[in-house]
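Have a look at the structure below, then the notes.
Taken together, the values in this text are just the output of simple stated rules run on the coordinates, not laboratory data. Bear in mind that the values here come from a model prediction, so they are computed numbers and not experimental data. Positions of Cβ are backbone-derived with ideal geometry, glycine not excepted, and every protein chain shown enters the neighbour counts.
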Amino acid sequence: MLFPLVRDIRSLSPKNQDVTVRGWVRTRREMKNLVFIEVNDGSSLTGIQCVFDRGGGGNAGAGAGAKEGNTAGTLAALGTGASVEIRGRLVPSPAAGQDVEVAVSEIAVLGPAPAESYPLQKKHHSLEFLREIAHLRARTTTFGAVARVRSNLAFAVHRFFRERGFLYLHTPVITSNDAEGAGAMFRVTTLDPSVKPESGYGGDFFGRAAYLTVSGQLEAETYACALSRVYTFGPAFRAENSNTVRHLAEFWMIEPEMAFASLEDDMDLAEDFLKSLFTAALEDCARDIAFFDKHFSGEHAGKGIAGTLEEAAASRFVRMTYTEAVRELEKAADSFEYRPRWGCDLQSEHEKFLTEKVAGGPVIVTSYPKEIKAFYMKMNDDEKTVRAMDVLVPRLGEIIGGSQREDDPLKLSRRMEELGMKTDNYFWYLDLRRYGSVPHSGFGLGFERLIQYVTGMINIRDVIPYPRAAGQAEF
Ligand code: 4AD
Ligand code: MG
């Protein structure tokens, strides 16, 4: 049987019932005969206060193999980080900020955490320091909150698509195609690294060069062109050596793909999707978001995190073409490090300017020059721009990238040849256009960027349990 979590115990009304609290000691302080122990098991933003009266009938040390009456020993081991099992009665709490506390009758320390070496002694540690002890940082209030928001929003992703008839699709992690045509792929091989393959990768495990996927999109398209609406939610890997606060080498991406859908349908879906996730954060993670609002609102000028999410959820995202965006940027050309120029990719300073200064909220930019976008995007009639759309948000810039896909087999194969791609390897992708081709569209949301946006965490390495980036694969 599952035991009740701190979250459940905190929400019981105090009918003087007996409870057992299991968790890790966050703080312990003493006043006269009373020992105040705050215990949390990670199920709740705040733990539960357990009060042990040394003069009362409590029995610290009973249970879990401790010797009966070994009060002094148990209390000595009851430091920050120790795991405990505490029995007592749930009573109304006189302290501010909590309805209930536990009047302790029995304490057992299951695993002590010696104060001399346990690294989480102080109340506030820097995020940089906590990154070095990623195996313990989930025990802090901040990282507990990040983990709960991540889990709740992952669930909200599935709920959103399920309600709209999208099937959850598992696309391969190991693949032989470069879905984004950007070449930043990790190779998967069983060959001896010290021996250069004589004749390509024919002798390798898969009989060909294989990689970790950068995106499940191409495979998702095949299923969308059979089942109409699908989405993937899985890890993606990119060997870009960009050491920024917005890039990881391993990140999670959600990629819906819809048949019979135009770029406009794609933008509508993306906008609804983000708004529903902002609302889910506010509703399903209210206490955690209030915590981030209080401590991590720094960059959300004025409105705070909750205010920003509420406003974005109620707004209509501004939509503009890439050409219009460049025109806006040119008006302020002097304020940028990189000069905005038609044909060049938008820099993150440009994306920030468009969202923060021009729109004052999320912006969807469409119709980018074909040269700066992937091969699969549908060409506009001008033959210069493609039916792409990026959703940009204040503070972060790009959070979603998507497009209508080229559904004309000739145009697509011509574009692939122009880019020097081996069309033979993509025969299956071209087949979708040869047989029963339909207009279809989709996009990718970077899950960590979403979590950054709703929590206000500045560094993407702080919103995934174990970040992988260039030079970093510990744990
Ligand atoms: O714009 P991207 O590269 O688009 C694709 O991968 C398409 N296949 C999506 C599609 O149309 N199905 O990536 C999509 C999103 C970005 O907007 C960003 O949020 C995130 O994925 N992303 C990253 N997040 C963290 N670290 C990285 N290195 C990322 N690269 C992209
Ligand atoms: Mg992109």
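Between Arg162 and Phe336, the modelled label-to-label distance comes to 4.3 nm, taking each label 7 Å out from Cα in the direction of the beta carbon. Here the label points at Asp268 and His135, each 7 Å from Cα along the C-beta direction, are separated by 5.1 nm in the simple model.
For Asp431 and Tyr466, the difference between the fully extended length at 0.36 nm per residue and the C-alpha to C-alpha distance is 8.7 nm.
For region 116-181, the Kirkwood hydrodynamic radius comes to 15.6 Å, computed from all pairs of different C-alpha atoms.
Taking 0.36 nm per residue of sequence separation and removing the Cα-Cα distance, the Leu34/Lys15 pair yields an extension gain of 4.6 nm.
Assuming 1.002 mPa s and 20 °C, estimate D for the chain with Stokes-Einstein, Rh taken as the Kirkwood radius over Cα pairs, in µm²/s. The diffusion coefficient I find is 84 µm²/s. With contacts taken as Cα pairs under 8 Å at a separation of at least 6 residues, region 395-475 carries a relative contact order of 34 percent. For Lys384 and Thr46, the FRET efficiency from 1/(1 + (r/R0)^6), where r spans their Cβ atoms and R0 equals 51 Å, is about 0.35. Label separation (Val438 vs Val245): 4.3 nm, computed from points 7 Å beyond Cα along the C-beta direction. Size of region 73-190 from its Cα atoms: along the principal axes, largest to smallest, the extents are 62, 40, 27 Å.
Given their separation in residues at 0.36 nm each and the Cα-Cα distance between them, Ala290 and Phe186 gain 33.5 nm when the chain is fully extended.
Semi-axes of the equivalent ellipsoid of region 334-411 are 25, 14, 9 Å, computed as sqrt(5λ) over the eigenvalues of the C-alpha gyration tensor in descending order. According to the Cα-based calculation, Rg over Rh for region 187-236 is 1.17, with Rh computed by the Kirkwood formula. Taking the average, over residues, of other Cβ atoms within 10 Å as the packing measure, peptides 460-468, 311-319 rank 460-468, 311-319 from highest down. Helices assigned as whole DSSP H runs in the chain whose Cα atoms extend at least 20 Å along their own long axis and whose mean Kyte-Doolittle hydropathy is 0.0 or higher are found at 141-163. Taking only the alpha carbons of region 161-244, we obtain Rg and Dmax values of 15.8, 52 Å in that order.
Helix-only arithmetic for the chain: the sum of -39500 (n - 2.57) across DSSP H runs with n ≥ 4, divided by the residue total, places the mean residue ellipticity at 222 nm at -8500 deg cm²/dmol.
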